[in-house]
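The values are calculated or read from the model by the stated rules, or taken from the named source; none is laboratory data. Just so it is clear, the model here is predicted, and its values are computed rather than measured. Positions of Cβ are backbone-derived with ideal geometry, glycine not excepted, and every protein chain shown enters the neighbour counts. The protein model used for the area step is the full one, side chains on, heavy atoms only, and it has no ligands, DNA or RNA in it. Shrake-Rupley method; radii C 1.70, N 1.55, O 1.52, S 1.80 Å.
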Amino acid sequence: MAPAIVGFLVFFGYPLVATVYFSFTKYDLINAPVWIGFGNYVRMFTTEPLVGTAAYNTLWLVIVLTVCRVVFALGVASVISRLRRGLGLIRTLCYLPALAPPAAATLVFVFVFNPEFGPVNRFLRAIGIDGGLWFNDPAMSKPSLTLLVLWGSGELMIIILAALLDVPQEQYESASLDGAGPARRFWHITLPSISPVLLFGVVNSMIFALQFFTQAVVAGAAAAGTADVAGNTKYIGNPQNSTLTYPVWLYVQGFRYSNMGYAAAMAVLLFIVSFAFTAILVRQLRRASHVEEAA
């Protein structure tokens, strides 16, 4: 157990404790940290307007992206599970986008959805539909990022597909003999059988949305027509801070402005929110499963 314990303490335990400590200090990575108590937390909730914007964008992604990602992966997996031929090929094609590097996939999506010469808007104009500005529109930037994430959700789809294929066929046959239609079989057999996997998908998607960083940064810079992501802050959150997520603002505060104490406070708050969301969700789903078993 010693190597695992040492690794846990060095790479998780110490960084976590150090982050909590630095969150109560004023620290710029150069000078020694100065203890300021709850000053960083007070600043976060009182004098930092962009924290509210970043929190709203992240909460939007947590709700919309989680629901869409799980439903989309479940829908694709359900269709694939009913195939009689070409199952391996279709499964591979649906999984391949998940292997694309996030930065490269985002650049491709920004090009594909370019308002002027992107193939999506060209096709829409050809059939008489105005495609919109996509990543260049503050109202459409987050839905566009959601489409990007759905395109690359093959990993979750494969996990749900494995769970669907593992459901005993005898249960479907018995339900069919009792007169249950496809909707009732799905609701009373499929969903209860794969509920642990769906719970994993929901928790995984929520954590993914709470840590949403690379795609937001690259999309903001690429939509502005530049590849200057690492050295320029004016493209962060483009357009009009609509892609400014909480982790992105945390990164800007810590590594662009050298406000490491303030960034540590933001990280602690993100950890608490992530843990609370996960604990509440797991508890509610367990309670629902116990009620269903008792019934």
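General observations
- Condition check for V17: aliphatic (A, V, I, L, M), under 30 Å from L161 (Cβ atoms), without any contact (Cβ under 8 Å) to a residue 12 or more places away in the chain and open to solvent by 80 Å² or more (accessible area, probe 1.4 Å): no
- Helices (runs of 4 or more DSSP H) contained in the stretch 111-227 and holding at least 3 residues within 30 Å of T245 (Cα to Cα): 119-126, 141-151, 154-165, 191-210, 214-223
- In the stretch 30-64, the residues that are touching a residue at least 60 places away in the same chain (Cβ under 8 Å) and open to solvent by 90 Å² or more (accessible area, probe 1.4 Å): I30
- Output for the stretch 119-169, where each listed residue is open to solvent by less than 50 Å² (accessible area, probe 1.4 Å) and of a type in the set (K, R): K142
- Yes/no for L99 being open to solvent by 70 Å² or more (accessible area, probe 1.4 Å) and at pLDDT 90 or above: yes
- In summary, helices (runs of 4 or more DSSP H) completely within the stretch 2-105 and bearing 3 or more residues that are of a type in the set (S, T, N, Q) and closer than 28 Å to V202 by Cβ occur at 49-81.
- Candidate set: the stretch 102-116, residues that are open to solvent by less than 90 Å² (accessible area, probe 1.4 Å) and without any contact (Cβ under 8 Å) to a residue 40 or more places away in the chain; chosen: the one farthest from D166 (Cα to Cα): P115
- Residue pairs whose Cβ atoms lie under 8 Å apart, separated by 6 or more positions or on different chains, with the first residue in the stretch 65-82 and more than 18 Å from Q215 (Cβ to Cβ) and the second of a type in the set (S, T, Y) and crowded, with 21+ Cβ neighbours inside 10 Å, are V70/S205.
- Evaluated against (1) in contact with a helix residue (DSSP H, G or I) (Cβ under 8 Å, 6 or more places away or on another chain); (2) of a type outside the set (S, T, N, Q); (3) within 25 Å of E48 (Cα to Cα), L191 falls short on exactly one condition, (3).
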